[in-house]
Amino acid sequence: MMLRRAEQISPARIHRHPFMRSILAELLAKAKRDAVGRELRGMAYRAGLHV
């Protein structure tokens, strides 16, 4: 939820920051196919991570 809030405040900063991209990739790898996973997949897509 905090990552989503950060994305709302400054999307470009979240999408381009290497650490945040790494965090998204790590969380996405562990996410299940539920609403949280769907939200993470959306963030990863917007960040340009190919999932």
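Can you compute the helix-only [θ] at 222 nm over the chain? Use -39500 (n - 2.57) per DSSP H run of at least 4 residues, normalise by all residues, nearest 500 deg cm²/dmol.
-22000 deg cm²/dmol
When the convex hull of the Cα atoms of the chain is projected onto a plane and the area is averaged over all directions, what value comes out in nm²?
So the Cα hull casts an average projection of 3.1 nm².
Given a 1.4 angstrom probe, what's the average accessible area per residue across the chain, in square angstrom? Can you show the working numbers first?
Working: 4090 Å² over 51 residues.
Computed with neighbouring chains in place, this is 80 Å² per residue.
How high is the relative contact order of the chain? Use alpha-carbon pairs under 8 Å, at least six apart in sequence, and give a whole percent. Could the numbers behind the result be given before it?
Working: 32 pairs, mean separation 16.5, N = 51.
Relative contact order comes out at 32 percent.
The values are calculated or read from the model by the stated rules, or taken from the named source; none is laboratory data. In this text the structure is predicted, and so the values were computed from the model without any measurement. What goes into the accessible areas is simple: the full protein's heavy atoms, side chains included, and nothing from ligands, DNA or RNA. Shrake-Rupley method; radii C 1.70, N 1.55, O 1.52, S 1.80 Å.
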